[in-house]
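Step one of this worksheet: look at the structure below.
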Amino acid sequence: MKHKLLYLALCDVTKKNIAPPIRMNSMRIGFENILHDRFLCISGSSHKRAKSVRNLIFSANIKQYTHLYIESSNKGLNFWDLILLFYMKERKIPISIFIRDILPFYKSGWEFTNYKGKIANILWLLSFYLFKITARILYFPAKGMSENINFKKKRLLPPGINTGRKINKNHLKNSIFYAGGLKSAYDISPFLKACKELYKEIDISVIIYCRENERNFIEQWESEIWLEIKHSDLDELEFHPAVGIVPLKSIHSNLTIAVKFMDYLSLAIPVVVSGSKATELIVKKENIGLIAETGNWKSYYNKIKEMLTNEKLYNEFQKNILGIRNNYDYSWESRCQKVLNDFRFEK
């Protein structure tokens, strides 16, 4: 019997401005490129996913699938996800699961959350327990997260680079770009304070792509003439920024690698990062940017200024980024191939 993979993505992979679906869709494309018609992806909202899983379970097609791979989110399993998990376990189908988040294990994961958030955390904890008793392998985005979990077979599966993404040749001089969240998990205020001071010396422009419902977190900065705020996706980027910023400061940031960071590399944008040990290790190893100190606006100021004024250093960063864009080991497809190899999947 030919091996066939069933891939369950626990969110809607069509959403473009949120990290989990960007990752899950990239994995979907990678599996599809390798396996072609020997692969099925089920995703969508909880309601849509439940309908798709239920239909599959009650069809003869379910027996075609010899392996199950799940990409989890920060939400728990729904009823039909659960039924599928135990159905495949009962059939002795190999199961591997990517764990995106372990924030409910930390006090900060419960702070500032309403009752819905607390219920979501409880459902996640229950789901995680079920993952541990059904999976042969658990995958984690970075070593810091993996080390916090007691499980026999653990593997690292960090985000990859979209090597097929077109690099925009419309280089916008002295432009500083950030795409992502604006809540307290991100080190936004020191970053913007640095830009305000830097504008007094260099004619910079700062472009932020964010969710519309988070814009109020930086409303005090909206009157600055050097700042432009958009509610767009990276695929809509019409220029090539000079610098990409990854300003992090939460516990979660030190346990993972930001998908947006890899997206910057996909677009060949040199970076200034903070607050993520795993991300900083890549920056140092590959020499593709600079590291700022979290919470220190002067550190952001110095690093961004150095990036914009040191042409030799900047060119070296860009050259190195182009090198890792062409490195298969950083591609999403390599991540998919790792899962298949761990499954001992026969092509």
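Computed from the coordinates by the stated procedures, all read-outs in this text should not be read as laboratory data. Note that this is a predicted model, so its numbers are computed, not measured. Using ideal geometry, Cβ is built from the backbone for each residue, glycine included, and neighbour counts are taken over all protein chains shown.
Select from the stretch 173-252 those GluC sites (Glu not before Pro) which occupy a DSSP coil region and have at most 13 other Cβ atoms within 10 Å, ordered by residue number. Those satisfying the criteria are Glu201, Glu222, Glu238.
Relative contact order of the chain, taken over Cα pairs closer than 8 Å and 6 or more residues apart, is 17 percent.
The computed volume of the Cα convex hull per residue in Å³ for the structure shown corresponds, within [x] 134; [y] 183; [z] 192, to [x]. Label separation (Asp235 vs Ile119): 3.3 nm, computed from points 7 Å beyond Cα along the C-beta direction. Amide H contacts for Leu290 (H built 1.01 Å from N in the peptide plane; partners 5 or more residues away or on another chain; cut-off under 5 Å): Val271, Val272, Val273. Here the gap between Lys132 and Phe151, fully extended at 0.36 nm per residue and compared with their Cα-Cα distance, gives a gain of 6.1 nm.
Counted residue by residue at 0.36 nm each, then reduced by the alpha carbon distance between them, the extension gain from Glu286 to Ser223 reaches 19.0 nm.
Rounded to the nearest 10 degrees, the angle from helix 115-134 to the longest Cα principal axis of the chain is 50 degrees. Using the Karplus relation 6.51 cos²θ - 1.76 cosθ + 1.60 with θ = phi - 60°, the per-residue 3J(HN,Hα) values for the stretch 178-188 come to 9, 10, x, x, 10, 6, 5, 6, 10, 8, 6 Hz, with x marking Gly and Pro.
Taking the three principal axes of the alpha carbon atoms in the stretch 175-328, the coordinate ranges are 41, 34, 31 Å, sorted in descending order. Computed from label points 7 Å out along Cα-Cβ, the spacing between Asn216 and Tyr87 is 4.3 nm.
One chain, two ends: Arg344 and Asn326. Fully extended at 0.36 nm per residue, the span grows by 3.9 nm beyond their Cα-Cα distance. Here is how the number arises for the chain: DSSP H runs of 4 or more residues each give -39500 (n - 2.57), the sum is divided by the residue count, and the result at 222 nm is -12000 deg cm²/dmol. Couplings for the stretch 26-41, taken from phi via the Karplus curve 6.51 cos²θ - 1.76 cosθ + 1.60 with θ = phi - 60°, read 5, 5, 4, 5, x, 4, 5, 5, 8, 9, 6, 7, 9, 7, 9, 10 Hz in order; Gly and Pro are left as x.
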